[in-house]
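The values are calculated or read from the model by the stated rules, or taken from the named source; none is laboratory data. Everything quoted here is computed from the prediction, not taken from an experiment. Neighbour counts run over all protein chains shown; Cβ positions are idealised from the backbone, glycine included.
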Amino acid sequence: MARPREFDHDEVLTAAMLHFWQFGFESTSIKDLAAEMGMSVASIYNAFGDKRALFLRVLEHYVDSSFEDRLSRIEGNLAPRAAIEAFFKEIVERSLQDHARKGCMLINSALELAPHDEEFRQVVSLVLARVESFFHRCVQAGQKDGTIDPTLPARDMARLLIAVHIGIRVMARSRPERAQLEGMLRPALAFLKPSHVNPLV
């Protein structure tokens, strides 16, 4: 009996991630994935299960490589308000450099799959909840150090920032223009300023 072909899990998951990210779940076939991953269809099923199971693994891989390290790095090295601003600066720059207009794979999944698939909805909700918690911690800490208006409900502001994040990512797929994206962000950041500071300055 021939030995099963060995493969690098991170490498093949990244290949699958890039294809799903570009074309979406519904428009991707298992044969497309086999070609991108350099694996046979049978090997994909043996290693990862069906297309749906593979997509869930890919989504986890995307989150691990795209969100977790970035949030930890930003929050661990910057003051609270600066951390929020740095997060969004990276989002805007990533969006402007995304010449294929792939957008954010997580948000794409929220739009394509979460409305009619409970398991995907839970995965997307869990990750967005982590980002919301990052914003919530930053807002609370900024309220304590005087850089964010202490009269604002911290949880509501975190939810507003999540909405801005999603909006920027979605808008960038159709209008990837700096003025457009920064114009969406500017009022939200101004709103965070303490009430004695002119929010438009």
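Summary of computed values
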| item | result |
| --- | --- |
| Out of Arg73, Arg52, sole residue that is charged (D, E, K, R) and closer than 30 Å to Asp145 by Cα | Arg73 |
| Region 148-173, residues that are in a helix (DSSP H, G or I) and in contact (Cβ under 8 Å) with a residue 40 or more places away in the chain | Leu161, Val164, His165, Ile166, Ile168, Arg169, Val170, Ala172, Arg173 |
| One residue from Ala83, Ala141 being modelled with pLDDT of 95 or more, surrounded by fewer than 19 Cβ atoms within 10 Å (Cβ to Cβ) and part of a helix (DSSP H, G or I) | Ala141 |
| Residues (among the hydroxyl-bearing types (Ser, Thr, Tyr), in the same structural domain as Ala179 (by the TED database) and over 19 Å from Leu185 (Cβ atoms)) located in region 66-113 | Ser109 |
| Thr147 vs. criteria β-branched (Val, Ile, Thr), farther than 20 Å from Arg70 by Cα and buried (at least 17 other Cβ atoms within 10 Å of the Cβ) | yes |
| Checking Ala53 against (1) surrounded by 19 or more Cβ atoms within 10 Å (Cβ to Cβ); (2) assigned to a helix (DSSP H, G or I), the condition it does not meet | (1) |
| Selected residue (only one of Ser40, Ser29 is of a type in the set (S, T, N, Q), over 24 Å from Asp117 (Cα atoms) and surrounded by fewer than 16 Cβ atoms within 10 Å (Cβ to Cβ)) | Ser40 |
| In region 56-80, the residues that are outside any helix (DSSP H, G or I) and either touching a helix residue (DSSP H, G or I) at 6+ places or on another chain (Cβ under 6 Å) or acidic (Asp, Glu) (or both) | Leu78 |
| Residue count, region 91-123 (criterion: free of Cβ contacts under 8 Å to residues at least 40 places away in the same chain, under 18 Å from the mean Cα position of the chain (by Cα) and surrounded by 15 or more Cβ atoms within 10 Å (Cβ to Cβ)) | 3 |
| Residues of region 113-126 that turn out to be charged (D, E, K, R) and outside any helix (DSSP H, G or I), as a count | 1 |
| From Ala129, Ala110, residue being small (Gly, Ala, Ser), more than 18 Å from Met17 (Cβ to Cβ), part of a helix (DSSP H, G or I) and out of contact with any strand residue (DSSP E or B) (no Cβ under 9 Å at 6 or more places or on another chain) | Ala129 |
